[in-house]
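Asker: Handing you a structure now.
Please treat every number below as a calculation from the coordinates, not as lab data. This is a predicted model, so every value here is computed, not measured. Reconstructed Cβ throughout: ideal geometry from the backbone, glycine too, with neighbour counts over all protein chains shown.
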Amino acid sequence: MSKNKKGKLFVVTGPSGVGKGTILADFFKNNKNGVFYSVSMTTRKPRPAEKNGVDYIFVSKDEFLKAVQNDEFLEWAEYSGNLYGTNKNTVFEKLNAGINVILEIETQGAKKIMAKFPDCITIFIVPPSIEELESRLRGRNTESEEAVQKRMNAVREELKMLDKYQYNILNDELQSACCKLQSVYEYEINHEE
Ligand code: 5GP
């Protein structure tokens, strides 16, 4: 193995409520070494169980826009009324050190990453149905009715991007979706062009 081998970049997208947080938590429990989760910056308010610096770096809109001005983001996007961005330096630092990086981002950001990193590996977590997703989102009780409606509109847009992703993982059964993500990861890290 070459000493200068770079890490691989994985992009995971999935609509709100699809269960990608749970799938990724399971993934990181099983893959402690050699892979890094890129914590994004957001202007969204933290949900009750979320921790600053772990789930997101929670900032004000002013702080976020300052980071945009300072060219700190690899990509950023507005989603459902909030801003989200991926830190550029952290991602490059990890990839250059040979560490694989996972970005959990929505479709507009993913499109930018696909253009900048043609070799990135793209995975879309697919909900069993729109109705199921809406009911999961409501069941979570973290969003107002208006926010749920806004997110469902965003989801309908996002699902149009499915075929731009190399892998679609259907989350109709959690354990099976977790296994599929693990298989994709193992295949991709052991697979050379
Ligand atoms: P949530 O508010 O539910 O945590 O996230 C809303 C959406 O923003 C999700 O689709 C999530 O994947 C996406 N997201 C999180 N971080 C980033 C980021 O840094 N950039 C982009 N473009 N999307 C992000």
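Asker: Return the loop-located trypsin sites (Lys or Arg not before Pro) in segment 28-92 (DSSP other than H, G, I, E, B) with at most 12 other Cβ atoms within 10 Å of their own Cβ; answer none if there are none.
Answerer: The qualifying sites are K32, K51.
Asker: Same structure again: In segment 9-190, what % of DSSP beta bridges are antiparallel (nearest 5)?
Answerer: About 30 percent, rounded to the nearest 5.
Asker: Also, quick follow-up: Holding the Cα-Cα limit at 18 Å, pick out from K111/K160; K20/K88; K116/K150 the pairs that are longer than that.
Answerer: K20/K88; K116/K150
Asker: Hey, another quick one. What shape does segment 16-94 have by the C-alpha gyration tensor, where a ≥ b ≥ c are the square roots of the eigenvalues, rounded means a/c under 1.5, and otherwise prolate means a/b greater than b/c and oblate the rest?
Answerer: It is oblate, given that a/c is not under 1.5 and a/b is not larger than b/c.
Asker: What is segment 87-161 by shape, rounded, prolate or oblate, if you read a ≥ b ≥ c off the alpha carbon gyration tensor as root eigenvalues and call it rounded for a/c under 1.5, prolate for a/b larger than b/c, and oblate otherwise?
Answerer: Verdict is prolate for segment 87-161.
Asker: Cα centroids of segment 150-193 and segment 29-88: how far apart, whole angstrom?
Answerer: 21
Asker: Placing +1 on the Cβ of each Lys and Arg and -1 on the Cβ of each Asp and Glu in the chain, which of I189, T90, V18 has its Cα farthest towards the positive end of the resulting dipole?
Answerer: T90
Asker: Would you mind checking segment 99-127 for residues with the amide N under 20 Å from a putative spin-label position 7 Å along Cα→C-beta of L162?
Answerer: It comes to 105-111, 122-127, nothing else.
Asker: Of all GluC sites (Glu not before Pro) in segment 21-97, which ones are in loop regions per DSSP and have a Cβ with at most 15 other Cβ atoms within 10 Å?
Answerer: For GluC sites (Glu not before Pro) across segment 21-97 that sit outside H, G, I, E and B with at most 15 neighbouring Cβ atoms in 10 Å, the list reads E50.
Asker: In segment 9-190, if the dipole is taken from +1 on Lys/Arg beta carbons and -1 on Asp/Glu beta carbons about the Cα centre, which of S129, Q166, F27 is farthest to the positive end?
Answerer: Farthest along the dipole direction, towards plus: F27.
Asker: In this model, which of K32/K164; K29/K51; K29/K112; K6/K51; K8/K32; K32/K112 are farther than 26 Å apart at the alpha-carbon?
Answerer: Among K32/K164; K29/K51; K29/K112; K6/K51; K8/K32; K32/K112, the Cα-Cα distance tops 26 Å for K32/K164; K29/K112; K6/K51; K32/K112.
Asker: For the chain, what is the calculated [θ] at 222 nm in deg cm²/dmol (nearest 500), taking -39500 (n - 2.57) for each run of four or more DSSP H residues and dividing by its residue count? Before the final figure, lay out each step's value.
Answerer: On the way: 7 runs with 81 residues, N = 193.
Counting only the DSSP helices, I get -13000 deg cm²/dmol.
Asker: So if I place +1 on the C-beta of Lys and Arg and -1 on the C-beta of Asp and Glu, and nothing else carries charge, what would the dipole magnitude of the chain be about its Cα centre? I want it in debye, nearest 20.
Answerer: Numbers: 27 positive and 28 negative charges, 88 e Å.
The calculation lands at about 420 debye.
Asker: Taking a ≥ b ≥ c as the square roots of the eigenvalues of the Cα gyration tensor of the chain, is the shape rounded (a/c under 1.5), prolate (a/b larger than b/c) or oblate?
Answerer: Oblate.
Asker: Expected output is a single nm value to one decimal: the length gained when fully extending between D71 and I130, i.e. 0.36 nm times separation in residues minus the C-alpha distance. What is it?
Answerer: Values: separation 59, 0.36 × 59 = 21.24 nm, distance 3.63 nm.
Separation in residues times 0.36 nm, less the Cα-Cα distance, equals 17.6 nm.
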